[in-house]
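Below is one structure, written out as structure tokens; comments come after it.
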Amino acid sequence: MIAGHSVAVLLSFEGPDRYSSVGGLGSRETSFARALGDADVATTLIFVGDPALPESESFAPNVTLRRWCQWISWYHPRGVYDGEEGKVNDFTASVPTYVVDQIVAPAVERQERVLIVAEEWQTAPATLALDALLRARGLRDDVTIFWNANNTYGFDRINWSALQRAAAITTVSKYMKFELAQWDVSALVIPNGINEALLEGPPRELVALFRSSLRGKPALVKVGRFDPDKNWLQAMEAVAELRALEFTPQLVVRGGREPYGEFVFDYARRHGLRVERLEANGDDADAVASALAGSSADVVHLQAFLPEATLAALYAASDAVLANSGKEPFGLVGLEVMAAGGIPVCGSTGEEYAEPFHNAIVCDTDDGRELAEYLRSSYGDERAADRMRQAGYATATRYLWQSVLETLANKIAYVERTRR
């Protein structure tokens, strides 16, 4: 139970399916749902799921998945945001009635309170409709509604005055609190969390496998959407700069399907870098390692969906993981890298946990020379690298979901008190 709430509903476009997992939001929703379930909160995660998977299934102790918009997703196979407008309309029209009839009303009959957390701009219209329906049914006082901002995408499409009446606004960092203030929106800060299981680290044999496949080269890894905010060009510039300094780094990239990716790789080629695309079965770690071992390219575009353990092993085996976003609301990847025993390279916006050259490398600009200088100075200093890895791991332990849920409980208590 969390602050008197024994039932929870999470509303999000992203979720645990490969179809639905694009970035940090999918990871957040999956681990958030698990954490609530572990806290004995009966949790339903409603998300835009894979059309080929069951509409409903048990996912973890006390956690049920409800895949929405599947009839639309059949016609939009490229992923959760393919056909986005139609999905937003369907989500808005149908989710509120389901939540009220199938979850809230039965819970109220059992004298249980319900927590609803909606995520990102796509769920804002559904949040307004849900609030209105609960009021019409006389159930609003039995429900706490949070709407959470993980990013600034779609802020211009939100009716902020209506949303603030319908829900308490939360966000994931002080940086995002500042971004919301630009829209005259006051927000409560509740950070992201990570699963305690991540602290166990990836299997040692997987780490050894990838270290061997990288063949002792200065190895860099960058994972994320192909989006200008992720500072992909800085990464390419840094690799070129390091090569000019007679280092031989190899950057392993796993991006998305966004068109910007082609611009990034063309940019790399214009800077004299050799780019190679590698396709591999991501579920076969040996196949992935073999593909990497066979490449001598400066930039390797790994086209494979990597399971959590494989990704964590890559993080731990590399010299640094480039999570060097120019605008990062929170930086969940950086924490995941720390938990895996890796060294993250972060930007300087929402990554409030990152302490320069103590537990992470932190870039203040989008200049590739800045990133290259920090990487150059760190190569070969194993003692400094070990200290940074250990400090990063200690940082990750402070962001477990158990601690985040304590923060959530206190925020709920405040919101409930101010509504009386």
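Brief remarks follow.
- The requirement of being closer than 30 Å to D38 by Cβ, outside the structural domain of A297 (by TED's automatic domain parsing) and at pLDDT 95 or above is satisfied by V172.
- Only one of the listed residues (I72, I46) is surrounded by fewer than 22 Cβ atoms within 10 Å (Cβ to Cβ), of a type in the set (A, V, I, L, M, F, W, C) and not in a loop (DSSP other than H, G, I, E, B). That residue is I72.
- The set of residues from the stretch 170-203 being in contact with a Phe, Trp or Tyr (Cβ under 6 Å, 6 or more places away or on another chain) and within 25 Å of Y353 (Cα to Cα) comprises T170, V172, S173, V185, N192, G193, I194.
- Residue count for the stretch 276-291, restricted to those that are aliphatic (A, V, I, L, M) and part of a loop (DSSP other than H, G, I, E, B): 1
- Top-ranked residue of the stretch 398-409 - restricted to ones that are part of a helix (DSSP H, G or I) and in contact (Cβ under 8 Å) with a residue 60 or more places away in the chain, ranked as surrounded by the most Cβ atoms within 10 Å (Cβ to Cβ): L408
- Residue check for S161: over 30 Å from D40 (Cα atoms) and either modelled with pLDDT of 95 or more or in contact with a helix residue (DSSP H, G or I) (Cβ under 8 Å, 6 or more places away or on another chain) (or both): yes
- Test: P96 is in the same structural domain as V22 (by TED's automatic domain parsing), buried (at least 20 other Cβ atoms within 10 Å of the Cβ) and not small (G, A, S): yes
- Complete set of residues in the stretch 346-397 that are part of a helix (DSSP H, G or I) and either in contact with a Ser or Thr (Cβ under 6 Å, 6 or more places away or on another chain) or of a type in the set (F, W, Y) (or both): Y374, Y393
- Condition met for T144 (in contact with a His (Cβ under 7 Å, 6 or more places away or on another chain) and either part of a loop (DSSP other than H, G, I, E, B) or at negative phi (or both)): yes
- Unmet requirement for L273, which otherwise passes all of (1) under 24 Å from A360 (Cα atoms); (2) assigned to a loop (DSSP other than H, G, I, E, B): (1)
- Taken over the stretch 233-255, the criterion of being in a loop (DSSP other than H, G, I, E, B) and either touching a Pro at 6+ places or on another chain (Cβ under 9 Å) or surrounded by 18 or more Cβ atoms within 10 Å (Cβ to Cβ) (or both) is satisfied by F247, T248, P249, G255.
- Only one of V88, V41, V9 that is over 18 Å from R113 (Cα atoms) and not assigned by TED's automatic domain parsing to the domain that holds F330: V88
- Filtering the stretch 279-295 to residues that are closer than 18 Å to G224 by Cα and surrounded by fewer than 18 Cβ atoms within 10 Å (Cβ to Cβ) leaves only E279.
- Any hit, the stretch 53-65, residues being in contact (Cβ under 8 Å) with a residue 60 or more places away in the chain, crowded, with 23+ Cβ neighbours inside 10 Å and within 22 Å of the chain's Cα centre (by Cα): no
- Any pair with Cβ under 6 angstrom, 6 or more apart, that starts in the stretch 214-226 at a residue that is under 9 Å from G256 (Cα atoms) and ends at one that is part of a loop (DSSP other than H, G, I, E, B) and acidic (D, E): R225/E258; F226/E258
- Count of residues meeting criterion [within 16 Å of Q122 (Cβ to Cβ) and free of Cβ contacts under 8 Å to residues at least 40 places away in the same chain] in the stretch 85-108: 9
- Checking each residue in the stretch 354-364 for being of a type outside the set (D, E), free of Cβ contacts under 8 Å to residues at least 60 places away in the same chain and either out of contact with any strand residue (DSSP E or B) (no Cβ under 6 Å at 6 or more places or on another chain) or surrounded by fewer than 14 Cβ atoms within 10 Å (Cβ to Cβ) (or both) picks out P356, F357, H358, N359.
- A187 assigned by TED's automatic domain parsing to the domain that holds T407, surrounded by 20 or more Cβ atoms within 10 Å (Cβ to Cβ) and in contact with a Leu (Cβ under 8 Å, 6 or more places away or on another chain): yes
- Scanning the stretch 76-95 for residues that are aromatic (F, W, Y) and modelled with pLDDT of 95 or more returns a single hit, F91.
- Those residues of the stretch 292-339 which are more than 25 Å from A197 (Cβ to Cβ), out of contact with any Phe, Trp or Tyr (no Cβ under 8 Å at 6 or more places or on another chain) and assigned to a helix (DSSP H, G or I), in sequence order: A293
The values are calculated or read from the model by the stated rules, or taken from the named source; none is laboratory data. Only a predicted model underlies this, so the values are computations on that prediction, with no experimental measurement involved. Here the Cβ is made from the backbone with ideal geometry for all residues, glycine too, and neighbour counts use every protein chain on show.
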